[in-house]
Amino acid sequence: HHFSPHGQMNGYEKAISAVGGIVAKYDTDQQFPVYGFGAKYDGVVRHCCQVGNSREVHGVKGILDAYKGVFKTPLIMSGPTVFTEVIQLAATQAKSRYQINPLSYSILLLLTDGAVTDVEATRQVLASVADAPLSIVIVGIGNADFSAMQFLDDFETRSGVNRDIVQFVQFSAHEHNKASLTRATLDEIPD
């Protein structure tokens, strides 16, 4: 999360710009909720917290601004890497939007520089939300051991019917090839 005084983007900013730009093309109103996980406020670790001053931000620039702005708060980055609460919130919101508009579909974009801490708990949550009109793209930033993320990517279940809702993308493997990054990002998102 280092911010360069010379304007160079860090890994998160690059991934938000590149991957966010890919999925944003499929959003008609360009309004995006932005959440953080693994943030410590007042000594309490939160695994799902709003990033930015409003419930939704406009465009990829709004996402970048919200991301940068969170570091001007008393936030302290903290582990463990827990996705369960953010996934549950995204699934609830996706189902709610689907009730209003049966043609709606949501994509949760998770950016992380570490592997998920509790793979089994995450697997259980994925199984419980597999009926939601939702795909999850997990983007690994940096060179951590992301083997647990690949396990989540390969996990499929939906009441006995296979449905793979998770795609893992190691950003560094595709960062310099937009076509490859686009393919990897959209690979498991339904047409």
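The values are calculated or read from the model by the stated rules, or taken from the named source; none is laboratory data. The model shown is predicted, which means the values in this text are computed figures rather than measured ones. Every residue, glycine among them, receives a Cβ derived from its backbone with ideal geometry; neighbour counts consider all protein chains shown. For accessibility, only protein heavy atoms count, side chains too; no ligands or nucleic acids. Shrake-Rupley method; radii C 1.70, N 1.55, O 1.52, S 1.80 Å.
Worth a mention:
- Per residue accessible area of the chain, 1.4 Å probe, in Å²: 54
- Rounded to two decimals, the Cα radius of gyration of the stretch 77-130 over 2.2 N^0.38 Å is 1.27.
- Most positive-pole-ward Cα, 75, 18, 39, against dipole of the chain from beta carbon charges: 75
- Between residue 76 and residue 119, the contour length at 0.36 nm per residue exceeds the alpha carbon distance by 13.1 nm.
- Contour minus Cα-Cα distance for residue 27 and residue 14 (0.36 nm per residue): 2.7 nm
- In a reduced charge model with +1 at each Lys and Arg Cβ and -1 at each Asp and Glu Cβ, the stretch 102-191 shows a dipole moment near 200 debye about its Cα centre.
- Charge dipole of the chain (Cα centre as origin; +1 on each Lys and Arg Cβ, -1 on each Asp and Glu Cβ, all else neutral): 520 debye, rounded to the nearest 20.
- Working note: Cα atoms of the stretch 53-161, range along each principal axis, descending, whole Å: 45, 37, 19.
- The alpha-carbon of residue 72 sits under 18 angstrom from the alpha-carbons of these aspartates and glutamates, leaving out residues fewer than 8 places away in its chain: 13, 42.
- Near residue 111, the amide H atoms lying under 5 Å from its own belong to 139; only residues 5 or more places off or on other chains count, and H is placed 1.01 Å from N.
- Here the label points at residue 191 and residue 6, each 7 Å from Cα along the C-beta direction, are separated by 4.7 nm in the simple model.
- Per residue, the average separation of C-alpha pairs within less than 8 Å and at least 6 apart gives the stretch 1-159 a relative contact order of 20 percent.
- Gain in span if fully extended, residue 42 to residue 150, counting 0.36 nm per residue against the direct Cα distance: 35.5 nm
- Accessible area of the chain belonging to carbon and sulfur atoms, whole % at 1.4 Å probe: 51
- Hydrodynamic estimate: the Kirkwood radius of the stretch 44-86 over Cα pairs, inserted into Stokes-Einstein at 25 °C and 0.890 mPa s, corresponds to D of 213 µm²/s.
- Note on the stretch 1-89: Rg/Rh from C-alpha atoms, Kirkwood Rh, equals 0.96.
- Unit Cα scatterers, Debye sum, the chain: log10 I(q)/I(0) for q = 0.09, 0.15 Å⁻¹: -0.31, -0.93
- Other-chain or far-sequence residues with amide H under 5 Å of residue 170's (modelled H): 140
- The phi-based Karplus calculation (6.51 cos²θ - 1.76 cosθ + 1.60; θ = phi - 60°) puts the 3J(HN,Hα) values of the stretch 4-19 at 6, x, 9, x, 6, 7, 7, x, 5, 4, 4, 5, 4, 5, 6, 6 Hz, whole numbers, x for Gly and Pro.
- DSSP beta bridge pairing in the chain, given as percent antiparallel to the nearest 5: 45
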